Amino acid sequence: MVLQRIFRAVIMGPPGSGKGTVSALITKTFGLSHISSGDILRSNISNKSELGLLMKCCIDQGQLVPDDVMSRLILRDLRVMDHSSWLLDGFPRTVPQAEALDDAHSVDTVINLNVPFQTIKQRLTSRWTHLPTGRVYNVDFNPPKVPGLDDETGEPLVQRDDDTPDTVTLRLKAYENQTEPVLEYYRSNGVLETFTGTETNMIWPHVEAFLHKKLFSVKQKVA
Ligand code: AMP
């Protein structure tokens, strides 16, 4: 789909709520560029950049990376995408990050995936990732064709260091304390749209229908 004007969206939800999978479907269906803060950090870690090495222990302990580091990293990437439509995944995660984003760009829509924490705990501990692309599999409901290998490249999948049960609990706490206020921030700005469910396959058709409607009405305004 070719968009008629620049469209900027954020996707939110607790870790393991299916943000990565839904983001991939959105970017494929609507042609937005996908920017994932977690993927950017993991690629800094696997390239052994100074920043990546500094941030690795925050991530492994289920803590958030400091706001100023994260905002600088993401806003720098967004600057070179001035004429693109994008979907931000994993950023902002705190109110100061949301304010830093607002100072630089206006956000058209925030998609919030509301998945119960109990579902998430089960899901995260059976999750496997292809690190170079961020492609995610789940051994229970979305297994790779060959166990342990990425479908597209045949390269090995890994389990993330921060997907252990204890770290998952800490990440969910960080989400409750630091990220839930961001939902309130966007709700009061009138751009928040919440989708509730326990399975990504059930949530996706609603997200797709919502974005179709949203983009169609954007086109109407332009015409
Ligand atoms: P994710 O893949 O989005 O779950 O991110 C993995 C980890 O990277 C998080 O648990 C945080 O430690 C860190 N991280 C990702 N995005 C942010 C952000 N916007 N602010 C702070 N830390 C972040």
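Values in this text are rule-based calculations from the coordinates and carry no lab data. Because the structure is predicted, anything quoted here is derived from the model rather than measured. Heads up, the Cβs are rebuilt from the backbone with ideal geometry, glycines too, and the neighbour counts pull from every protein chain shown.
Annotation note: trypsin sites (Lys or Arg not before Pro) in the stretch 78-159 located in DSSP loop regions with a Cβ neighbour count of at most 15 within 10 Å are K145. Using a 10 Å Cβ count of at most 16 others and DSSP loop calls, identify the longest part of the chain lacking such GluC sites (Glu not before Pro). Here the longest segment lacking exposed loop sites spans 1-151.
Take the Cα of E176, step 7 Å toward its Cβ, do the same at S84, and the gap between the two points is 3.7 nm.
The equivalent ellipsoid of the stretch 48-179 has semi-axes of 27, 19, 16 Å, largest first, where each one is the square root of 5 times an eigenvalue of the Cα gyration tensor.
Please find the FRET efficiency linking T153 to L25, where r is the Cβ-Cβ separation and R0 is fixed at 25 Å, and quote it to the nearest 0.05. In this case the efficiency is close to 0.80.
By DSSP, the beta bridges lying fully in the chain are antiparallel in about 30 percent of cases.
By the scheme Lys and Arg +1, Asp and Glu -1, what is the net charge of all other residues having a beta-carbon under 10 Å from that of G16? Taking every other residue near G16 into account, the sum is +4.
Listed by number, the DSSP H helices of the chain that run 30 Å or longer by alpha-carbon position along their axis and have mean Kyte hydropathy of at least -0.5 are 200-222.
For the chain, a Gaussian network of Cα nodes joined below 10 Å ranks N112, N44, N201 by mean-square fluctuation, and the top entry is N201.
Near L183, once Lys and Arg are set to +1 and Asp and Glu to -1 for all other residues with Cβ below 13 Å from its Cβ, the sum equals -2. Checking the Cα-Cα distances for K19/K145; K56/K214; K145/K173; K121/K214; K121/K213; K48/K214 against a 30 Å cut-off, the pairs over it are K56/K214; K145/K173; K121/K214; K121/K213; K48/K214.
Of the three principal axes defined by the Cα atoms of the chain, the extents in descending order read 49, 38, 32 Å.
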